[in-house]
Structures are given as C-alpha cells and as structure tokens.
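S.K.: There's a structure below that I have some questions on.
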C-alpha cells in the first residue's frame, strides 16, 4: 500500500514550553489528539481511536521543539510504517509559535486530512487558550 506524506502548519498563541507536553506526553496527547493514550514502556505509546489500539514508539524528541511517533505496523512485512511528527518553531519576527505536523500514512485524501487536523488543532487551541 502506498503511503502519503501530509504536512500542515498552524499558528498558535502559546509558547513551545506550554505546548510541548501536549505533543510528547500521554496525558497531553489524550486531551486533544486521541480518545485515550497510555504508556506501555518508556518509549511505547498506545493510541486509541474509535476503540482501536495503535501502538507507536516515541522515536525522536527535542525538549520544547519536536516529537515523532513511529507507529508499529500490524503486518511485520510492511516496509514503510506510519508516523506523526510534531514540530514547534517560534518566528523571530512575530514571536508566534508555529506548529508543523507531518502525517505519513495510507490516507492520501488531502481535504479529509486538512479537515481532520483543523478539528484537532481547534481542540488544542481551546485547551491552551487561543
């Protein structure tokens, strides 16, 4: 199955220090990103969407900058696996925080992905007071 990389960026009025726990911890991610998130071991997270479990390894993290989750494929023969990467960057000109999301998955419907991420970011903005 072919994979598709979807990248989107949102401007948020919250500092990376405030936002980082929402992209790197189970409790933070559960508030806006998934129905339920739990930690299996120090690097393995269990994301629940629509009652289905999706295991992912936290493979990269930079304090107040980024977090990347590589999803463990259900089919061990799958060569490319899904991942989500979150990056936080502050504009030197405006002081605004930009939240860049890279979503690598089998979903190639750009409109559907855009709407999904807009809804998720709306939830995050409500939580952090945007």
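Every number in this text was worked out from the coordinates using simple rules, so none of it is lab data. Here the structure is a predicted model, which means the values were calculated and not measured. Neighbour counts run over all protein chains shown; Cβ positions are idealised from the backbone, glycine included.
S.K.: Please work out whether segment 1-47 counts as rounded, prolate or oblate from its C-alpha gyration tensor, where a ≥ b ≥ c are the square roots of the eigenvalues and a/c under 1.5 means rounded, while otherwise a/b larger than b/c means prolate and anything else oblate? Don't skip to the end; give the middle numbers.
M.R.: Details: a/c = 2.10, a/b = 1.03, b/c = 2.04.
Oblate.
S.K.: What's the ranking of 113-120, 54-61 by average number of surrounding C-beta atoms within 10 Å, highest first?
M.R.: Details: 113-120: 13.8, 54-61: 15.8.
Sorting 113-120, 54-61 by mean packing, highest first, produces 54-61, 113-120.
S.K.: Oh, and also: For the chain, compute Rg over Rh where Rg is the Cα radius of gyration and Rh is the Kirkwood radius from the inverse mean 1/r over Cα pairs.
M.R.: On the way: Rg = 14.5 Å, Rh = 15.2 Å.
On the Cα set of the chain, Rg over Rh gives 0.95.
S.K.: Could I ask something else about it? If R₀ is 25 angstrom, what is the calculated FRET efficiency for the pair residue 98 and residue 75, using the beta carbon separation as r and rounding to 0.05? List each step's numbers first, then the result.
M.R.: Details: r = 35 Å, r/R0 = 1.40.
Between residue 98 and residue 75 the formula returns 0.10.
S.K.: In addition: Give me the Debye-computed log₁₀ of I(q)/I(0) at q = 0.13, 0.20 Å⁻¹ for segment 68-130, equal point scatterers on Cα only, no solvent, two decimals.
M.R.: So the normalised log intensities are -0.49, -0.95.
S.K.: Something else now. For the chain, what is the mean residue ellipticity at 222 nm derived from helices alone (per DSSP H run of n ≥ 4: -39500 (n - 2.57); sum divided by total residues; nearest 500 deg cm²/dmol)? List each step's numbers first, then the result.
M.R.: Working: 3 runs with 35 residues, N = 130.
After summing the helix terms and dividing by residue count, I get -8500 deg cm²/dmol.
S.K.: Please tell me the relative contact order of the chain in percent, rounded to the nearest whole number, where contacts are Cα pairs under 8 Å and at least six residues apart.
M.R.: Details: 237 pairs, mean separation 40.0, N = 130.
Dividing the mean separation by the residue count of the chain yields 31 percent.
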